[in-house]
1. For LEU59 and ASP105 in the same chain, what is the full-extension length gain: residue separation times 0.36 nm, less their Cα-Cα distance, in nm?
2. Need one number: convex hull volume per residue for the range 119-245, Cα atoms only, in Å³.
3. List the chymotrypsin sites (Phe, Trp or Tyr not before Pro) within the range 185-245 that DSSP assigns to loop and that have no more than 14 neighbouring Cβ atoms inside 10 Å.
4. Taking only the Cα atoms of the range 14-159, how large is their convex hull per residue, in Å³?
5. Defining a contact as two alpha carbons under 8 Å apart and six or more residues distant in sequence, what relative contact order in percent does the chain show?
6. For each pair in LYS156/LYS186; LYS143/LYS203; LYS10/LYS73; LYS97/LYS143; LYS67/LYS143; LYS35/LYS125, compute the distance between the two Cα atoms and list the pairs where it is over 26 Å.
7. So what's the gap between the Cα centers of the range 72-141 and the range 197-233, to the nearest angstrom?
8. In the chain, if every C-alpha pair distance is counted and binned at 5 Å from zero, what percent goes to each bin?
Amino acid sequence: MHKIFDLTGKTILVTGASSGIGKQCAITISECGGKLVITGRDKDRLDETFNSLKGSGHLQLIADLSKDDEIEKLTDELPILNGIVHCAGITAPIPAKFIRSRHIDEMMRINYHAPVLVTTRILSKKKLLDYSSIVFFSTIATKFPYYGGALYISSKSALSGFSMVLALEQAPKGIRSNCLLPGFVKTPMYDATEQHASPEAMKKFEMLHPLGIGTPEDVAGPVCFLLSDAARWITGINIPLGGSL
Ligand SMILES: NC(=O)c1ccc[n+]([C@@H]2O[C@H](COP(=O)([O-])OP(=O)(O)OC[C@H]3O[C@@H](n4cnc5c(N)ncnc54)[C@H](OP(=O)(O)O)[C@@H]3O)[C@@H](O)[C@H]2O)c1
């Protein structure tokens, strides 16, 4: 690998590292030389990720990011970081007319409140070095709405907005903030969607992906690029993945 993609000497926090995209991002970052702090709720699956990491000196911390006190504890325990990859997220399709207050709270809590608060607490505690990189996860569905996706799409659109403003505010310190918008990626989240959606709807989604449905590896590469010095002039943008048409 070319030196500019090297993550040696960088310490990166990955949330949602116990599954899917977060798990693969952690593994690929370790293969690029980075040191990891991985977090998730499920201890056994987080252990599995931890044991797949290349190199040494990594750290794993269990935290339920829907709880403010656990975010506080997590951010207290963190070492000084060079990057954050916010993979933790949920999807729960519900037609708009059935949405109640608790549905909004549940979705926003993990998809918006958690990545925002984890970031702001890390910044307040001065645990993110200048010239660090922050990667958020939105979705291509913000451009291609689907039936039942009102809450998920709203939560992810809000996160894109946060990332853009953060980029502006942190630019004087060289801290970059970008948001990835993947199309469908084969993970447990995808499997859950497949169980609920009709075969016709899945076919329609697939047609939006000229390069086919993605794998976690397809996403981990762009994440490593954004964390690396090769992306040092890129901030405040929303990057679609999957060639969605
Ligand atoms: N897969 C796709 O097609 C796709 C497309 C576009 C965007 N995305 C976004 O990409 C990100 C990763 O998705 P994925 O497909 O990898 O999902 P996934 O396999 O379902 O993994 C979700 C992760 O989020 C964590 N998480 C959920 N609730 C949490 C909570 N309260 N506290 C802490 N961690 C929590 C889970 O941890 P535990 O399992 O340990 O609870 C798990 O590690 C998400 O933000 C998703 O919205 C995915």
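1. 13.5 nm
2. That works out to 115 Å³ per residue.
3. Sites meeting the loop and neighbour criteria: TRP233.
4. In the range 14-159, the Cα convex hull volume per residue is 116 Å³.
5. 22
6. Result: LYS67/LYS143 exceed 26 Å.
7. 20
8. Distribution as computed: 1, 6, 14, 19, 21, 18, 12, 6, 3, 0, 0 percent.
Any read-out appearing in this document is the output of simple, stated calculations on the displayed coordinates, not a laboratory observation. Since the structure is predicted, the reported quantities are computational estimates derived from the model, not experimental observations. Neighbour counts run over all protein chains shown; Cβ positions are idealised from the backbone, glycine included.
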